[in-house]
Structures are given as structure tokens and as C-alpha cells.
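None of the figures in this text is laboratory data; all of them are computed from the coordinates on show. These numbers were taken from a predicted model, which means no experiment stands behind them. Using ideal geometry, Cβ is built from the backbone for each residue, glycine included, and neighbour counts are taken over all protein chains shown.
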């Protein structure tokens, strides 16, 4: 009995007192169960900075209740190579678990719930907004640039803290113009990821006169500024020169119009438009037209020719570059045909033997364009070949004129609608030699004999109906007898009848046939009794 | 209450009552005209040389006529005996013929053992705000005669008792969140009680149960105690058995 009493007494004395208040979740008990401590209650909202969150469990905590779950409403939890908004970490043998909280880029308060089984503790870390100067530096090449769509404003942003790749993304937005960034299409809004240097460079251009409100955002930190895109003047943009303010209205004369851009422009902006009210414009590699667009070369130079038409007047020419127009006038003046084509003959005359030629040479204007350099020849007499020919490199075109008809040939050469004329005289084609052949070698006094005169010419044909003059003289030189029935030489043959009057003369009589032009031939007839 | 004495054997038929007056019955020798009865306390060493007989005025039995054969005497002992003592009783008979006095003695003892009773009651643990039925034992530190009036003599020893028992109803809270019973659905009750009446006790003590760790992440449970107050009914089981 005493033992029982003693045991009961000892049992009552050795057990601890039960205190219900111990089960009320007082701060002390809460910390004993699960204490959460922060290395810092505030972090810069830069998406980079980190705070260490330490959860300390009661070392007596059951081993199957040592998985500690951390969850945050903002920022990123990192532990054991994992990261996320919620992460579970086993406590070590001392009941301790550590994670890191990386701040977000927005200023907010991250509520962090630390949960073990049914126990949860909450703490918070404030992500404080950073001043722009703490996040990035920014430089702007100019706040005023021409609105030429080419001249850039160079914006350089240098991050002061490097985070993850996502955190190095810098956003550029503008109300006007477009950004050009490496590897991206021009746009009003671009996002560029900084490299290891943390530096990003973008260019802002605009072809509209405006004020661009530019916003740069990095790590949720804004910086805004304005850029004025000012209007361009023609004088600032390009010069225009013309080779001549007056050109003949010949349809091919041209005045060279040269545009020289005075500033660097984009490839698209190198397109320069030329328009004319008269004549045509000839651009390199383009068909002629009233309006052409020519791209300036790498030096900013664009050249077209204004070719006159054949109407005297003036052409109003407009050159437009970078949307800036410039107008001027080119006069088309009256033109002399001789300045277009002139015609000359190699000889003023030639025998109309059908072979002997007169070379006519047409000289055309040197600037007559190809395709319009065909010279057409025609003659009023004889034949001219070729009928048309292109002027050669020496700007000449030649043709040969022959005729079997005596007369004056009026030769016309026409090029590009303009005529030039010259004349050439085709003279009678006379024989080189004359053969006189009497029908009889002897002839009695009072008798008669036919005489056949044959005209011969080494080149070409002999002109028809040449007049042959006959004479008969004795050995003393006295005329004897008469000629009748004399025919004009047709086809080179003339005939006549020699009549010997009654004469006492005996002996040879020389018959001489003289063809007009001087060729002569002789034959001898013996007067016999 | 009566106890019988066998003068021939010098013994009583049972333990002597204590804390209450009682009667002694026995056989008087034939012709007995009076009987005087006294007792003396025998010390724990058994020394009987200097007995002090009490009461000074002996208890007497005077029959109307001399006792016949096998006539029984009846002596009233008004002064209560003390528990846990050995008594020597002296019976002095006077005979009418011999006018002599014959003395017989008998020895008896009052109850020696501490009194243990069954205790059934209702406790209320104030700190945990729960009541529970319990059953246990009241262990008095002396023998107790439940027939003795509590007011008759100094009753503190007969009122105070150690109570040891178990709860009949659970003292665990919902889902054993903070506490659970010590074993099965019982918890341990240990305390003390003060008998208000013969069988009604008021008590208090410690209710021992198992408590959860305040840390919900620790499932280990430990024994814990909290105070209680109780009212109970003190059953005299042994008396029931004896009867």
C-alpha cells in the first residue's frame, strides 16, 4: 500500500504541469515551432537583389515534417538550383532551411508564406522602387534631328546591374518615328536584351516632323524624354544642277540634271523622282518617260537627262527628294536643221553612165540617239543606194548616187524627221573612143557610102543620142563631099551617108567623126575614078 | 455492535470495534451474580507487567438472578477503543455461593490495517475545463470505522485519505489535439480527499494524462498533470464483504 501511494505520489510529482496556454499560438510559440528570419526586409526592385530567408524549425520536429514550403506573391524563390514562386526545401538536422528571394522588378510587397505541415508563418519583403539612376544610365545623341527618316538619334542604355537574360531586356517605345535595333524590324516599340556588357544601343528615326515622346523601360524603371524631329529644307537636303538651261528643240538634245544629296539617307530615301512637263526624262536603265525615279548612288548622286521634244517651248522640271520638291525650267529653243543633219556630195557632177557614182554624205548630230540615227536618202534622178543607213560612229551616213540620165539629181537625206538636201549633176556619158567604119573603102566620084560610127566607153554606158559630127577631108585638108542621113548615136552607134560630089580628086579622103564631148574617130576612103 | 468472547480461549471472535461503543457477549459461569469488565492496552513490546486497567469504573453485568448454565452475559463498553491496539480484557465474575471473584482474561485487537475504500466520483479539472467520472481507491492512513460518527472524536485521520484512481470517461480533447488519456480511454487520478460525511468526499489532486507537444510538428506525447476538484462517494467495500 505504501508502495502504491509512493508510486502515485512520485508519478504526480514527476510529470510536468499541463498548461493549456502553451497551446495558444503566441509569438513565442510560433517562433519556437517555426521561426522565419530575413536577411533583409527590403530589397531593391531590380529583379536581381536577393534576400536570404531562413526557416528554423524546432529541432525536435518530427523527421517526416521537415519539408518546408516557401511561397511568395512576388519575386522568385531560389534554392538547391531550383527557382519559382513556390519551392520546398528539406530542413537539415538542426531544423534549418534556407532559401533566397530574388526581387521582382516592380515595386511591391512580397508576402512569403513558409509552411510546414499544418504550420504556416508569413513574412514579407518589400521591393522598393529604384531610382532610374540606380538602374541604368542613358545617353541620347541629340534631342533634335532632321525628320528625314534617316538621321538617327542614338540612344545608349547601360544597365548598372546585370540580372538574368530576361532582366536584361530593355524596352524602347516612342510616339513617333521608329526604332532600329540590331536584328529587329523597325518598329515603334522594340525590346532589346543587353549582352554581358549591359549596354544597348538603338537608333530612333522619323520621316515626319513631330515630337517623339520616348520611353525607356528597364527593370520596370522608366525614363522618358522627347526628341524633336524638325523639318528639312531643300537646301539642306540636296542640290540640283543642270548642264544647260536651254537646249535645242530637236527631240534629242538633252540637258543633264544632276541631283546631289547633301546628307546620308537610307536606301529607300535615295529614290529621287524627276518629272517634266515637256520633253522626256531618261534615267539610267529606264525607259524614257515624263516621270522617272532614280536611286541616288552611294555618293548620293542621281543623274537623268531631259531630252527635248521638237516643240519650241519650255519644260517645267520637278525634282523630289526626301519629299522635298524643287522645280526649275529648261527651255527648248528653235533648232536649225543643219544642226541635225547636213548633206554633201563627193562630186558636184558625174557621168550619167549608170556606173559612175556620186557619194553623198549625211552628217547627223552627234547626240542623236541610237534608233533615231537612220538616215533615209532619196534622189530625184538616178539611183541612190542604200536608201537608208544608220549614221555611224562618226555621225555620218553615206549613199551612192548613179544615173544613166543626164540631169541634176536633187538628193535628200532625212534623219529623225529632219531633211537636208544637196544636188549632183549627172552629165552625158561620153565615149572614150570612136570607131568609124565606112561601108566601102573606095568610092567613085559622085558616089556615096554609109558610115557607121561606133562609140565605145570603158566604164558604164554611153549616154544616148549623142550627136556625131562628120567631116571629110582630102589629103590636102580640103573638105570633100557631104554627109547625109546622120543619126544621133543610139546605143553607141551613129550612122551617116557620105556623098562624094563629082570631083576630080582622087586619093584618100579622111572621114572624121567627132562625138560631142570631143571624142573622135577617123576612117579613110579612097576616091577612085 | 457486538463481539463475542470465548473466555475459555481467551479470545474474541473478531477484531474489536474501535471508535464506537460496543457490547461484549459471552457465557457467564453458572451462578454468576455480577461481572465487571475492564481492559488495558498492551504496548507494542507485549509488556503486560504494568497494565493500566480502564475504565476505572468497570463495565458491569448484573443479572436479575444468578446466571444459569450457559447463560450469556452482555456488557456494554461505552468508551470507544482506539484502532490498531492490542487490548487485554479482564472479566471478573462474582459467584453467589463462593462469594469469590473469578477472573478471566481475553485478548483482542482492534483493526490494524489502513483503511481502503472504493471511491467513485466526479472530478472537474479546471485548467482544462473538463469533468470526468472516475473510480479509484481512498487510502486512509489509519483504520477507519465507517460506523463511527465523524463528530464523536477527532476525525481528521478518518476524513483524510489519499485517492488513487482512473477516469472512467475520457479527458482527451478533440482529436487529441492538446491532450489524450494516459492509457486506453483512462487517465490517472491521484490526490487527496476529505470525507465530509460518512460516504461523501470532497477531494482534489492531480489528473495525470498525456499531453501533446505544443509544437504541432512534434508528435511525441508526454505525461502531464493538472489539478482537479472532486466529489465522490466512498464505498466501504470491505464491510460489504465482511457482512
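Using C-alpha positions alone, give me the convex hull volume of the stretch A:238-329 per residue in cubic angstrom. If you can, show how the numbers build up before the last one.
Working: hull volume 7.3 nm³, N = 92.
That works out to 79 Å³ per residue.
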Inset, instruction - Take peptides A:437-446, A:128-137 and line them up by average Cβ neighbours within 10 Å, highest first, as a rough protection proxy. - result: A:128-137, A:437-446
Inset, instruction - Using the number of other C-beta atoms within 10 angstrom as an exposure proxy, rank A:312, A:15, B:3, A:317 with the fewest first. - result: A:312, B:3, A:15, A:317
Inset, instruction - Could you tell me, in Å, what Rg and Dmax come out for the Cα atoms of the stretch B:94-151? - result: 23.8, 79
Inset, instruction - With only alpha-carbon atoms counted, please give the Rg and Dmax of the protein assembly as shown, in Å. - result: 79.6, 277
Inset, instruction - Provide, for q = 0.13 Å⁻¹, the log10 of I(q)/I(0) from a solvent-free Debye sum over equal Cα point scatterers in the stretch A:337-427. - result: -0.37
Legend entry - Within a Gaussian network of chain B (alpha carbon springs, distance under 10 Å), most fluctuating of B:223, B:11, B:148: B:223
Inset, instruction - Calculate the radius of gyration of the Cα atoms of the stretch A:33-134 to one decimal place, then report Dmax, the largest Cα-Cα distance, as a whole number, both in Å. - result: 13.8, 50
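Using just the alpha carbons, could you tell me how many Å³ per residue the convex hull of the stretch A:136-204 encloses? Walk me through the numbers before you get to the answer.
Numbers: hull volume 5.7 nm³, N = 69.
Taking only Cα atoms, the stretch A:136-204 has a hull volume of 83 Å³ per residue.
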Inset, instruction - Within 10 Å, count the other beta carbons around each residue, average over each peptide in A:105-116, A:292-303, and list them highest first. - result: A:105-116, A:292-303
Inset, instruction - Run through all the Cα pairs of the stretch B:127-175 and give the fraction in each 5 Å bin from 0, expressed as whole percent. - result: 5, 17, 19, 15, 13, 11, 10, 6, 2, 1, 0
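Residue by residue through B:202-214, how many Cβ atoms from other chains fall within 10 Å of the Cβ on average?
Partner-chain Cβ atoms within 10 Å, mean over residues of B:202-214: 4.
What percent antiparallel are the DSSP beta bridges of the protein assembly as shown, to the nearest 5? Walk me through the numbers before you get to the answer.
Working: 257 of 279 bridges.
Roughly 90 percent of the beta bridges in the protein assembly as shown run antiparallel, per DSSP.
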Legend entry - 25 °C / 0.890 mPa s Stokes-Einstein diffusion coefficient of the stretch A:371-490, Kirkwood radius on C-alpha pairs, µm²/s: 134
Inset, instruction - Please build a GNM for chain B, connecting alpha carbons under 10 Å apart, and tell me which residue among B:156, B:81, B:118 fluctuates the most. - result: B:156
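Please average, across the residues of A:114-120, the number of beta carbons from any other chain that are within 10 Å of each residue's own beta carbon, and give a whole number. It would help to have the intermediate numbers written out before the result.
Working: counts 0, 0, 2, 2, 2, 3, 0.
So the per-residue partner count for this stretch is 1.
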Inset, instruction - Using every pair of alpha-carbon atoms in the stretch B:2-109, split the distances into 10 Å bins beginning at 0 and state the percent of pairs per bin, rounded to integers. - result: 15, 50, 29, 6, 0
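Ranking B:53, B:184, B:227 by Cβ neighbours within 10 Å, fewest first, what do you get? If you can, show how the numbers build up before the last one.
Numbers: B:53 14, B:184 8, B:227 17.
Going from sparsest to densest Cβ surroundings: B:184, B:53, B:227.
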Legend entry - Residues B:1, B:86, sorted so that the one with the fewest Cβ neighbours within 10 Å comes first: B:1, B:86
Legend entry - Sum of -39500 (n - 2.57) over DSSP H runs of 4+, divided by residues of chain A (222 nm, nearest 500): -1500 deg cm²/dmol
Legend entry - GNM flexibility winner over chain B from B:176, B:138, B:215 (Cα, springs under 10 Å): B:215
Inset, instruction - Tell me the Kirkwood hydrodynamic radius of the stretch A:179-290 in angstroms, computed as one over the mean inverse distance between distinct C-alpha pairs. - result: 18.5
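Beyond 26 Å, what share of the Cα-Cα pairs of the stretch A:98-227 remains, rounded to the nearest whole percent?
34
Before anything else, pin down the relative contact order of the stretch A:132-230: Cα pairs under 8 Å, at least 6 apart, normalised by residue count, whole percent. It would help to have the intermediate numbers written out before the result.
Working: 250 pairs, mean separation 33.9, N = 99.
The value is 34 percent.
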Inset, instruction - List the equivalent ellipsoid semi-axes of chain B in whole Å, largest first, each obtained as the square root of 5λ for an eigenvalue λ of the Cα gyration tensor. - result: 54, 15, 13
Inset, instruction - Kindly express, to the nearest 10 degrees and within the range 0 to 90, the angle between helix A:2-14's C-alpha long axis and the longest C-alpha principal axis of chain A. - result: 40
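Provide a whole-number value for the mean count of partner chain Cβ atoms within 10 Å of the Cβ atoms in peptide B:131-143. Could you put the intermediate results ahead of the total?
Working: counts 0, 0, 0, 0, 0, 1, 2, 0, 5, 0, 3, 0, 0.
Whole-number average of other-chain Cβ neighbours for B:131-143 is 1.
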